[in-house]
Amino acid sequence: MRCFPLIAFLTAQISLLNAQLLPQLTLTNVTLPFPLLAGDQAWRLWVMRDLYAYPLYVVPLQNGRSLIGWTDSNLNGHVSLLNTKDDYIMWTRNFNGLHVRGVAAITNVTDGAFAVFLWNATESSVSLSYWNADNTRKWRTPINIVNPWVSKPTKFKIGDSRAAYGGDGFFAVYYHVRSYDGHEGDALYYFDSQTGAQRPNTGWGWGCSHSMNSLLDFHPTSKKSMALCVSDCYADTAILVFNGRYKIQRVNGNCAGGAGAELGGMAANFNTWGVVFTSQTDQTIVSTPPSQMEVGYMVLNGTTGQPMTQLKWLTTPNPGFWKTDAAIARWGPPSTSTRESPLLVGWASDPEGSKVTTNWYGLSNNMTYSVALINPTTGDFIQQPIDLPKSVFWGRRDDPFHTKADGSVMWVYGDRNTNILRIAKYQFSSGSATAVNRMAPALPI
C-alpha cells in the first residue's frame, strides 16, 4: 500500500453562487485549408493502438481567441488563430515539411504571437521558434541533445511532445527521444522567451524510460513547471513526477512497452494541481496486463508536485470496458485563496480497451464519452457524469480540455483526412456555476 504525507485540511468559508447544472454543450465547425493528418499507431495501455487523428494543440489567449496547432495530410504543419466565438479562422501560418508537435504563447501577449515546436521527420530533427503576429520569425533554436548517446526523435510511436510557457520568461519543451541502441526516453529543455537561447543545466536529456506518455504545464501561482510521465520501466513502473521525484501511482509494467496507466491532463487550482489519468485498479504490481482500467483523480502540490491526497476513482468498473482518454480543465474564473472553481473532467468508456492482444484498432463506434464537474480539493462530484452524443469526442491521449479567458472550457477535434475542425465548448457565466467550499490541503513542509 502506498503511503502519503499526513495532510491537515484548512477550511475557508466562501459564498456560494447560484447552483446550476452545466449548460448545453455548444458545437461549431470551421474549415481548415487542408485535411487533417490521420493519427499514427502508438504504444498505449499495453499494446499498439490507433490514435485516430494526429495531435492537436490548443492555446487559449487572454483576449478570448485561441491558437490551434495541427498537421495536414501532406505532412505540413500549421498554426491557426480562432476568433473569440470559435467559429472563424482569422489566419493560418504554414510550416512546410514540418510537423507541429507543440504550441505555446507568452501569457500577456494576445496579438497572436506564438512559439511552435517543430519536428522534421525526414531529418529526425526538432526546433523551437517564435513568430510575431505579423508573421515574421523572431528566433529559431535547433534543439541541442545534451546526451551524446541519445538521438533526435525518429518517430512518435511511443511517447509524446509538449510545449508550454513559464511565467518568468521561458518556454519549455518535453518530448520523446531515442537512444542509439534502441531505448526510448524523454527530454525536458528550457529556452529564453526573448532570445530563444537554450538554458544550460536545466531539465534533463534522458528521463523516464520508457517514456510512454507525458504532460507539461506551468502553475500560474507558483510559476513552477510540472512534468509528468508514465514509465513501463525506469525509474519505476509508475506515473512519475519530474522524472521520479514523486510517484503518483505504481502500475504494472514489462519494460517492453506495456504499462498499466496513461495520463489524461492536469488543471491548476490556487496552490495545487488536479490531475486525471487512466490506471489499473488492482495494486498487485506484476509485469502482465491489468484486468481493469478506470479514471482516477489526485491533487498535487503546485510547487513541488508532491501528492497531497489519496487517489480518488471517478469511474466504476464495467467488465470488459476500460475508461480511457481522461481530460480535465478549470470551469470558471481562476481560483483564489478563498474561492475555488469546479473542474470539468471527462473520459471515454471503451469496449475494446481490454483487448490487449489486439493491435492497430481505430476509434470504436461503441465508445461513449462522458463529462462531469468535480470539487477540485476532494474530487467529489458536483454534477454527476453525463454521456455526450455519439458525434462528440476528443483526441486520444491529446490533453484536450482547455480553459478560455472567460472561464469556459473548450476542446477541438476532427476526423482524420478531412478539413473540418470541430470546436466543443461549455460556456461559463458568473451566475451559472457553483463556487465550491474550499478545503485547501496545507502544503507539505
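Summary table
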read-out	value
Max mean-square fluctuation residue, GNM over the chain, Cα-Cα springs under 10 Å, options Val286, Val241, Val58	Val286
Segment 62-118 - percent of accessible surface contributed by carbon and sulfur, probe 1.4 Å	43 percent
Cα-based shape type of the chain, given that a ≥ b ≥ c are square roots of the gyration tensor eigenvalues and the cut on a/c is 1.5	rounded
Residue-wise HN-Hα coupling along segment 201-218, computed from phi with Karplus coefficients 6.51, -1.76, 1.60 (Hz; x: Gly, Pro)	6, 10, x, 7, x, 8, x, 4, 8, 6, 7, 6, 6, 8, 9, 9, 7, 10
Shape category assigned to segment 71-113 from the gyration tensor of Cα positions, a/c cut at 1.5	oblate
Accessible carbon and sulfur surface of segment 258-401 relative to its total accessible area, %, 1.4 Å	52 percent
Cβ-defined net charge surrounding Gly332, 10 Å radius [Lys, Arg +1; Asp, Glu -1]	0
Net length gained if the chain between Asp415 and Tyr88 were fully extended (0.36 nm per residue, minus Cα distance)	115.9 nm
Under 14 Å from the Cα of Lys390 - aspartates and glutamates, other chains or at least 8 residues apart	Asp350, Asp415
Net charge of Cβ neighbours under 9 Å - reference Arg44; Lys, Arg +1; Asp, Glu -1	+2
When each of Lys85/Lys312; Lys155/Lys425; Lys138/Lys404; Lys224/Lys425; Lys155/Lys404 is checked by Cα-Cα distance, pairs over 30 Å	Lys85/Lys312; Lys155/Lys425; Lys155/Lys404
Cβ-derived FRET efficiency at R0 30 Å, Asp134 paired with Phe34, nearest 0.05	0.85
Computed P(r) (all Cα pairs; segment 22-160; 5 Å bins; percent)	2, 9, 17, 21, 19, 15, 11, 5, 2, 1, 0
Rounded if a/c under 1.5, otherwise prolate or oblate - segment 217-356, Cα gyration tensor axes	oblate
Solvent-accessible area per residue for the chain (1.4 angstrom probe, square angstrom)	38 Å²
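The values are calculated or read from the model by the stated rules, or taken from the named source; none is laboratory data. Since we're looking at a predicted model, the values are computed, not measured. Cβ sites come from the backbone with ideal geometry, for glycine too, and all protein chains shown count toward neighbours. Accessible surface areas use protein heavy atoms only, side chains included; no ligands, DNA or RNA. Shrake-Rupley method; radii C 1.70, N 1.55, O 1.52, S 1.80 Å.
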